[in-house]
Amino acid sequence: MAQASELREADYDLRQTSDDLIRPVETGPTLRYLVSVIFAGLVTLIGVVCWGRQLYVGMGVTGLMWPVMWAVYITNFVFWIGIAHSGTLISAILYLFRAKFRPAFSRSSEAMTIFAVATAGLFPILHLGRAWRFYWVLPYPNERRIWPNFRSPLVLDVFAISTYLTVSLIFWYLGMLPDMAELRDRSRGWKRTLYGVASLGWTGSLRQLSPYMKLYILLAGLATPLVLSVHTTVSWDFSLSLLPGWHEEIFPPYFVAGAIFSGLAMVLTLVIPLRSWFRLKAYITIDHLERLCQLILLTSSIVTFSYATEYFIAWYSGNTYEHSAYWMRAFGHYWKPFWFMIACNCFVPLLFFSRRVRRNIKGMFIISILINVGMWLERFIIIVTTLAYSFDPGSWGIYHVQWIEIGITAGSFGWFMLQFLGFVKIAPSLPVAEVRKDILEARRQKKALIAAGLLTAAAEPPAAPPEVPA
Amino acid sequence: MTPANPPMPPPAYRGVVGGFQNEEELRGASVLADAAGLRYEAFLPAGDEDLLRALRFRTEKSGVRFWTLFGGIGGGVAAMALTIWTMRNWPMVVGGKPIVSWPPFIQVIFEWTVLLASFLCMAGFLILSGLPNLYLHPAYRPEFNVDRFGLFFPCSRGEEALARALLARAGAEKIETVWDRGLGRLAPPSVEPPS
């Protein structure tokens with residue numbers, strides 16, 4: 001099955017492919033696109049206004065109150081960092097594994113990474129209250145009597161996230177060089193200058209290509225451990241504390257798996273409208289989407305296993321506080337989001353066992369959104385229930401979310417969508433050169449099969465412009 | 001071009017270029033060129049490792065690897081220095097740990113190793129590939145980045161007939177003499193002979 005779909009690529013016309021993939025950049029915005037931009041812009045504006053009010057009035061406008069001093073903002077931070085995760089997973093790790101379905105998702109997921117990190121990075125700053133003093137976490141010699149403490153996971157987090165953002169940016173940008181060159185050659189006037197400078201003068205000559213190929217594989221290799229390190233470090237923010245429900249050795253792999261899980265779901269959420277709005281169904285095929293669904297199924301089972309392990313250890317450890325923390329998590333004040341999270345993360349993805357669901361676009365779109373809701377709730381549950389029900393019942397306290405926090409959370413989604421919508425109009429959302437490479441490879445395979453007598457040339461489908469119904 | 005500008009330099013002869021519809025023809029041409037002792041530069045629409053290996057077997061070892069290695073080592077050492085120096089200069093005992101408690105520093109060391117390795121990997125690539133260079137190669141044509149494989153012979157005028165015959169024999173289309181007319185940055189490359 002997979003092989004047939006790969007061989008179909010052999011009949012794609014290279015120029016037609018370029019035209020199809022670059023069309024979204026060259027054509028003007030459609031009504032649907034404009035409405036989305038306006039909607040995302042308005043939602044972002046709501047977030048900005050809410051933040052303005054928080055800056056003006058103070059942190060009292062939020063529901064943060066002792067003992068729950070970390071809540072929705074940190075939830076959003078962990079959520080967006082998690083989303084950022086699978087961008088580099090898809091583009092770097094799948095590149096190293098030579099996965100055939102990589103080009104369908106790599107560019108949009110890399111973009112997703114950059115924008116999600118840019119969104120996530122706002123939240124620690126928002127949460128500071130005095131946002132303009134964010135540079136205090138950077139370790140440089142100062143006379144403020146603030147000691148840089150390299151044992152603090154919060155400082156380590158600054159290193160992890162800024163490195164991840166920088167390396168992902170380099171990987172994303174250098175991956176776009178051939179496409180920028182193609183856009184340069186196709187455009188005139190100021191656009192030509194802009195894309196010309198962005199392409200750095202790329203021509204695809206051997207002199208440029210040989211170091212480029214080496215660069216790309218090295219960057220993929222360097223980015224791969226980063227993928228694992230970022231969420232590991234985020235999980236240390238919790239697990240290096242002593243609170244029951246946070247102080248766990250399972251946190252790093254558990255966070256990484258959860259992050260990949262939510263990131264894959266977000267890729268699905270973004271790519272499904274993308275392929276239908278911009279007529280990319282021949283390049284992001286239902287087979288490609290099915291592979292993504294299978295990966296989601298795998299990561300969902302890892303996440304479910306982690307939940308089970310957490311509860312098992314809480315029981316097996318015999319520790320009263322651990323036991324009570326997990327009991328309150330499932331049956332305390334926050335039981336509704338908890339069970340909704342379990343449904344979304346552990347049971348809903350099981351539908352992907354059915355091939356019919358894996359090949360149903362609407363179904364997978366709804367599932368992908370449910371997974372993201374579930375993963376957002378997971379972070380909320382981990383953060384808030386632990387703080388609300390720590391050691392001594394005398395120090396317990398319930399957190400109630402306030403409308404300012406809801407506004408800022410919605411604003412972060414608007415801001416993320418706005419960035420992504422801007423990106424699809426500036427650069428091709430699929431790596432054109434990579435797709436071309438796959439077409440050339442498929443042609444070579446097909447020729448070899450014909451030469452070996454395993455495929456008759458007559459069985460060749462007509463080389464019509466590719467249009468696959470979805 | 002305003003009359004105040006100095007006159008354009010005369011176009012310089014650079015060689016011969018041809019485009020191929022498929023990679024087999026390009027490979028054939030490269031074999032012929034090796035046999036004839038002609039140097040060449042190819043333009044490929046996609047970075048294909050098999051093809052690259054076939055065309056440039058001499059430069060298998062890329063210097064980008066060494067740049068990356070040195071970047072990684074440098075980043076690791078720098079982060080080690082940063083953490084140890086900072087903790088010694090701002091000594092603060094946390095949780096009864098020694099001032100230089102290296103296990104948590106490994107995280108910073110790892111991040112800077114990757115960060116500087118990536119930076120120098122990029123620098124090595126830019127230096128080895130001669131980028132950024134906004135003066136496009138005069139033999140470059142836009143279709144070489146879409147659906148044609150370009151082969152350019154940087155030959156002397158005496159070798160032009162041989163190069164043209166070789167390209168024609170291998171099945172090239174649009175065989176043209178390459179003139180460098182010294183056009184400005186990002187100018188559409190021109191391969192027509194000067195008027």
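The values are calculated or read from the model by the stated rules, or taken from the named source; none is laboratory data. None of these values were measured; they are calculated from a predicted model. Neighbour counts run over all protein chains shown; Cβ positions are idealised from the backbone, glycine included. Keep in mind that these areas ignore ligands, DNA and RNA; they rest on the heavy atoms of the full protein, side chains included. Shrake-Rupley method; radii C 1.70, N 1.55, O 1.52, S 1.80 Å.
Tabulated data for the structure shown
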{"read-out": "Spin-label zone in the range A:403-446 - amide nitrogen under 15 Å from a point set 7 Å from the Cα of A:LEU45 along the C-beta vector", "value": "A:411, A:414-415, A:418"}
{"read-out": "Pairwise burial B:A, computed as accessible area of each alone minus the pair, summed, 1.4 Å, Å²", "value": "5900"}
{"read-out": "Helix axis angle, A:286-316 relative to chain A longest principal axis, alpha carbon, degrees", "value": "20"}
{"read-out": "Relative contact order, percent, the range B:64-129 [alpha-carbon distance under 8 Å, six or more residues apart]", "value": "60"}
{"read-out": "Peptide A:432-440 - average C-beta neighbours from other chains (10 Å radius)", "value": "5"}
{"read-out": "Packing-based ranking, highest mean first, of A:357-365, A:237-245 given that Cβ atoms within 10 Å are counted", "value": "A:237-245, A:357-365"}
{"read-out": "Listed residues A:SER205, B:VAL108, A:PRO273: farthest to the positive end of the dipole of the protein assembly as shown (Cβ charges)", "value": "A:SER205"}
{"read-out": "Ranked packing of B:17-23, A:101-107, most packed first, by mean Cβ within 10 Å", "value": "A:101-107, B:17-23"}
{"read-out": "For the protein assembly as shown: accessible area per residue (Å², 1.4 Å)", "value": "44"}
{"read-out": "Portion, in percent, of the accessible area of the range B:11-83 that falls on carbon or sulfur, probe 1.4 Å", "value": "61"}
{"read-out": "Cα lying deepest toward the dipole's positive end in chain A, options A:THR299, A:TYR173, A:THR75, charges on Cβ", "value": "A:TYR173"}
{"read-out": "Interface residues in the range B:74-94 - accessible area drops by 50 Å² or more relative to the isolated chain, probe 1.4 Å", "value": "B:MET87, B:TRP90, B:MET92"}
{"read-out": "Carbon and sulfur %, accessible surface of the range A:153-256 computed with the full protein complex present, 1.4 Å", "value": "73"}
{"read-out": "Mean residue ellipticity (222 nm) of chain A, computed from DSSP H runs ≥ 4 via -39,500 (n - 2.57), nearest 500", "value": "-22000 deg cm²/dmol"}
{"read-out": "Protein-protein interface of the range A:222-240, residues with accessible area decrease of at least 30 Å², isolated chain reference, 1.4 Å probe", "value": "A:LEU222"}
{"read-out": "Set of aspartates and glutamates near A:LYS191 by C-alpha distance (under 13 Å), chain-local residues within fewer than 8 positions excluded", "value": "A:GLU26, A:GLU182"}
{"read-out": "Helix A:361-380 vs. chain A, principal-axis angle (Cα, 0 to 90°, nearest 10)", "value": "30"}
{"read-out": "Accessible surface of the range A:343-388, 1.4 Å probe, proportion on carbon and sulfur as whole %", "value": "73"}
{"read-out": "Residue-averaged beta-carbon neighbours from other chains (10 angstrom radius) around A:149-156", "value": "6"}
{"read-out": "Whole-percent pair-distance distribution, where bins are 10 Å wide, for the alpha carbons of the range B:64-129", "value": "24, 39, 22, 12, 3, 0"}
{"read-out": "Per-peptide average of other Cβ atoms within 10 Å, ordering A:410-423, A:332-345 highest first", "value": "A:410-423, A:332-345"}
{"read-out": "Nearest-0.05 FRET efficiency for B:VAL31 and A:VAL401, computed from C-beta distance (R0 56 Å)", "value": "0.20"}
{"read-out": "C-alpha center-to-center spacing [the range A:1-73, the range A:369-394] in angstrom", "value": "25"}
{"read-out": "For the range B:21-169, alpha-carbon Rg over 2.2 N^0.38 Å", "value": "1.68"}
{"read-out": "Heavy atoms of A:THR62 accessible to a 1.4 Å probe, total area in Å² rounded to 10", "value": "10"}
{"read-out": "Approximate shape of the range A:1-87 as ellipsoid semi-axes (Cα gyration tensor, √5λ), whole Å, largest first", "value": "45, 22, 8"}
{"read-out": "Shielding by other protein chains, B:103-109, mean Cβ within 10 Å", "value": "5"}
{"read-out": "Within the protein assembly as shown, percent of DSSP bridges classed antiparallel, to nearest 5", "value": "100"}
{"read-out": "Debye, to nearest 20: dipole size of the range A:329-470, +1 on Lys, Arg Cβ, -1 on Asp, Glu Cβ", "value": "600"}
{"read-out": "Dipole in debye (nearest 20) - the protein assembly as shown, about Cα centre, beta carbon charges: Lys, Arg +1; Asp, Glu -1", "value": "640"}
{"read-out": "Nearby lysines by direct alpha-carbon distance to B:LYS97 (threshold 27 angstrom, same-chain neighbours under 8 apart not counted)", "value": "none"}
{"read-out": "Cα long-axis angle, helix A:31-57 against chain A (0 to 90 degrees, to the nearest 10)", "value": "20"}
{"read-out": "Globularity index of chain A, i.e. its alpha-carbon radius of gyration over 2.2 N^0.38 Å", "value": "1.05"}
{"read-out": "Quarter of the Cα convex hull surface for the range A:295-402, i.e. its orientation-mean projected area (nm²)", "value": "7.7"}
{"read-out": "Dipole-positive endmost among A:HIS247, A:ALA427, A:LEU440 within the protein assembly as shown (Cβ charges, Cα centre)", "value": "A:ALA427"}
